[in-house]
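Trainee: Could you have a look at this structure, given as structure tokens, before my questions?
The values are calculated or read from the model by the stated rules, or taken from the named source; none is laboratory data. Everything numeric in this text was worked out from a predicted model, so none of it was measured. Here Cβ is always computed from backbone atoms with ideal geometry, including for glycine, and neighbour counts include all displayed protein chains. Accessible surface areas use protein heavy atoms only, side chains included; no ligands, DNA or RNA. Shrake-Rupley method; radii C 1.70, N 1.55, O 1.52, S 1.80 Å.
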Amino acid sequence: MSHDHDDRPRLTAAQAAAVLNPPAGRNGGDLVVESLQGLGATTVFGLPGQHALGMFDALRRSSLRYVGLRVENNAGFAADAYGRITGEVAPLLLSTGPGALTSLAALQEAAAASAPVLAISSQIPAAGLGGGRHGYLHELRDQQASVRDIVKSVHTVRSASQIPSAVAAAWESALTAPHGPVWVEIPQDVLLAETTLPVVSAMDATPRELYPRPELTIAAAHLLSKAERPVIIAGGGVVRSDASGKLRALAERIDAPVVTTFGGKGAFPWEHPLSLRSWLEDRHTTDFLEDADVLLVVGSGLGELSSNYHTFRPRGRVIQIEADAGKLESNHPALGIHSDAREALSDLLEAVERREDPGAADRVRTVLEKVRARIDAQELTLEQQVLAAVREALPDAAPSFWDMTILAYWAWSAFDARRPNTMHSAQGAGGLGYGFPAAIGAAAADPTKPVLAVSGDGGAMYSIAELATARQYDLPLTWLIVDDGGYGILREYMTGAFGEATGTELSRPDFVALAESFGVPAVRTTPESLAADLGKALAAPGPSVVVLPALLRMFEPTHL
């Protein structure tokens, strides 16, 4: 059997000479950073620790830019955002034991949101591996066991020559649809041991494409072409695969209304005549979706938040396009198409017949009017005023990152993201503290535009240390902290369920004075001056903080 070697990377004469005479003083850490450079990485996030020092020492001999955060969990959130914004792998360098474990909540968010994060953790010396109780610093019986339930894949290294292949395999896994976090771990002594291996020059870790099967495309196209009341639910997979243009073309081809999930914000134009926007936590929208005779779900598993807390009961045929095979038909019977959203929409566009429905836009308008009337009846003027001020102040192209806080819950349903891949939140795993460190990752990815982070005072306390990071790297980001004196949404939940709240009231600092102590300019604002103060902060170079003391309320749920 013959093999075609023409597509393999070739070395120049100078490179070949360098291979035969590698520079002295290199170790396993150098093989890590050389592998990352060979795969195309430019930026790494992390936090040094004793077992990982071989990797961090090697950074100074590389061209990689290092962004160091103050807490491993926050470094993970920053890498998550970098991956979401760029669509590229975000390397995250971690130490053993406590350092590795502290990153897990961030990796859970990356897994839920399909963000390509490559976590590279050190391990205790190889002699201590295997579950014995040797008493090494940071020793765990089985460190991999702690991450295996969270990440897409785990890659172990036990010798220097395994490092480039392990990093490349993890890189490919992270970028294969659906994207996600992956884990590589390398013992301390392997990272520190001197190596005479050639410098890693060219790496290939091209992810495999995920195409739909043609018979499924034909079946789906037939259902959509013949449907009387087709509707589309667009999830985060549409945004991640850069398929918003194809989604719009398909919706217009068959006159199908489109609702975007909270993870799919910006996948479809907010003001489009066919746009149901994102009012998924609303019974009027749920009723409309249930009435569809054919429902096309693209890039969503129809989980808790996308199904009005599992009260959604479709009566028509469901077509589900999803890159994560485990999500196909996980909640509703469907014609399941295992595919990247962009590839599936592209094939559907070629196969579907033109379908005209002059009444579709009127039906959409009716639903939105019912939603508006429901919200208006609840006297929630302040909340809508604050959200409108944020929208007014934020440039269309500027990305925003929302923590788990009442204003974010409003934004999921009511905020016009205007462009795809500009609005992100921690709604995948639902952990506190996401907004500000994620904004750091986005600002590191593209420092040419301002970035907004939105937190409540409770979530802000998870991330205060990263004010030092924002200042150290002079990143163009503004942090809006809505201070309501505690865990506002939990206060509402507990009061509604039990009549009073427990453990939700918080003593907190003067956030303006605290930010200024880090050298970060800050201002206390009001709902009336928020748009002007936020706009001014976003327009200024470097980091800034805007504090809004306000008690916001949620709109009434419809799923209870």
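Trainee: What single numbered condition from (1) open to solvent by less than 60 Å² (accessible area, probe 1.4 Å); (2) more than 17 Å from THR286 (Cα to Cα) fails to hold for LEU368?
Mentor: Unmet for LEU368, out of (1) open to solvent by less than 60 Å² (accessible area, probe 1.4 Å); (2) more than 17 Å from THR286 (Cα to Cα): (2).
Trainee: Select from region 124-134 the residues that are assigned to a loop (DSSP other than H, G, I, E, B) and among the aliphatic types (A, V, I, L, M) and write down the one among them that is most open to solvent (accessible area, probe 1.4 Å). Let's see the steps before the verdict.
Mentor: Start the filter on region 124-134 by keeping residues that are assigned to a loop (DSSP other than H, G, I, E, B), which leaves 124-125, 129-134.
Pick out the ones that are also among the aliphatic types (A, V, I, L, M) and you get 124, 129.
Values: ILE124: 2, LEU129: 43 Å².
So, considering only residues that are assigned to a loop (DSSP other than H, G, I, E, B) and among the aliphatic types (A, V, I, L, M), the one most open to solvent (accessible area, probe 1.4 Å) is LEU129.
Trainee: Just for region 135-150: of the residues that are part of a helix (DSSP H, G or I) and in contact (Cβ under 8 Å) with a residue 40 or more places away in the chain, which one is most open to solvent (accessible area, probe 1.4 Å)?
Mentor: Just the residues of region 135-150 that are part of a helix (DSSP H, G or I), to begin with: 143-148.
Keeping just the survivors that are in contact (Cβ under 8 Å) with a residue 40 or more places away in the chain gives 143-144, 146-147.
Numbers: GLN143: 3, GLN144: 24, SER146: 44, VAL147: 2 Å².
Among them, the one singled out is SER146.
Trainee: Looking at region 186-214, which of its residues are out of contact with any helix residue (DSSP H, G or I) (no Cβ under 6 Å at 6 or more places or on another chain) and open to solvent by 90 Å² or more (accessible area, probe 1.4 Å)?
Mentor: Answer for region 186-214, where residues must be out of contact with any helix residue (DSSP H, G or I) (no Cβ under 6 Å at 6 or more places or on another chain) and open to solvent by 90 Å² or more (accessible area, probe 1.4 Å): GLU194, THR196, ASP204, THR206, ARG208, GLU209, ARG213, PRO214.
Trainee: Quick one: which residue in ARG363, ARG374, ARG342 is open to solvent by 10 Å² or more (accessible area, probe 1.4 Å) and closer than 19 Å to ALA220 by Cβ? Even if it seems obvious, please write down each step before you answer.
Mentor: Working: ARG363 fails: closer than 19 Å to ALA220 by Cβ; ARG374 fails: closer than 19 Å to ALA220 by Cβ.
The conditions single out ARG342.
Trainee: Further, regarding this structure: For region 500-514, what are the residues that are of a type outside the set (Ser, Thr, Tyr) and either closer than 23 Å to THR526 by Cβ or loosely packed, with under 14 Cβ neighbours inside 10 Å (or both)?
Mentor: Of everything in region 500-514, those that are of a type outside the set (Ser, Thr, Tyr) and either closer than 23 Å to THR526 by Cβ or loosely packed, with under 14 Cβ neighbours inside 10 Å (or both) turn out to be GLU500, GLY503, GLU505, LEU506, ARG508, PRO509, ASP510, PHE511, VAL512, ALA513, LEU514.
Trainee: Going by the conditions given, is GLU281 without any contact (Cβ under 8 Å) to a residue 60 or more places away in the chain and either hydrophobic (A, V, I, L, M, F, W, C) or at negative phi (or both)?
Mentor: Answer is no for this residue.
Listed here are the residues, each with its yes/no results for (1) free of Cβ contacts under 8 Å to residues at least 12 places away in the same chain; (2) more than 14 Å from the chain's Cα centre (by Cα); (3) within 24 Å of LEU467 (Cα to Cα).
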{"site": "LEU93", "(1), (2), (3)": "no, yes, yes"}
{"site": "PRO98", "(1), (2), (3)": "no, yes, yes"}
{"site": "SER121", "(1), (2), (3)": "no, yes, no"}
{"site": "GLY130", "(1), (2), (3)": "yes, yes, no"}
{"site": "ARG133", "(1), (2), (3)": "yes, yes, no"}
{"site": "LYS152", "(1), (2), (3)": "no, yes, no"}
{"site": "GLN162", "(1), (2), (3)": "yes, yes, no"}
{"site": "SER165", "(1), (2), (3)": "yes, yes, no"}
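Trainee: Let me ask something else. When region 514-534 is examined, which residues are found to be closer than 19 Å to ALA470 by Cα and of a type outside the set (Ser, Thr, Tyr)?
Mentor: LEU514, ALA515, GLU516, PHE518, GLY519, VAL520, PRO521, ALA522, VAL523, LEU534
Trainee: Collect the residues in region 536-554 that are surrounded by fewer than 19 Cβ atoms within 10 Å (Cβ to Cβ) and under 19 Å from ASP446 (Cα atoms), keeping them in residue-number order.
Mentor: ALA539, ALA540, PRO541, GLY542
Trainee: If you don't mind, another one. Select from region 305-323 the residues that are farther than 15 Å from ALA234 by Cα and among the charged types (D, E, K, R) and list them in ascending order.
Mentor: Those that are farther than 15 Å from ALA234 by Cα and among the charged types (D, E, K, R): ARG313, ARG315, ARG317.
Trainee: Six or more apart or on different chains, Cβ atoms under 7 Å: show the pairs whose first residue is in region 321-350 and over 18 Å from ALA113 (Cα atoms) and whose second is at pLDDT below 95 and acidic (Asp, Glu).
Mentor: Listed by first residue and then by second, the contacts come to GLU343/GLU209.
Trainee: Any residue at all in region 487-498 that's buried (at least 24 other Cβ atoms within 10 Å of the Cβ), outside any loop (DSSP other than H, G, I, E, B) and not polar (S, T, N, Q)?
Mentor: Yes, region 487-498 contains a residue that is buried (at least 24 other Cβ atoms within 10 Å of the Cβ), outside any loop (DSSP other than H, G, I, E, B) and not polar (S, T, N, Q).
Trainee: Hey, among GLU304, GLU290, which residue is farther than 24 Å from SER346 by Cα and open to solvent by less than 40 Å² (accessible area, probe 1.4 Å)? Give the derivation first.
Mentor: On the way: GLU304 fails: open to solvent by less than 40 Å² (accessible area, probe 1.4 Å).
From the options GLU304, GLU290, the qualifying one is GLU290.
Trainee: Taking the stated definitions as given, is GLN15 at pLDDT 95 or above and open to solvent by 50 Å² or more (accessible area, probe 1.4 Å)? Walk me through it before giving the result.
Mentor: Values: at pLDDT 95 or above: no; open to solvent by 50 Å² or more (accessible area, probe 1.4 Å): yes.
Taking the combined requirement at face value, the residue does not satisfy it.
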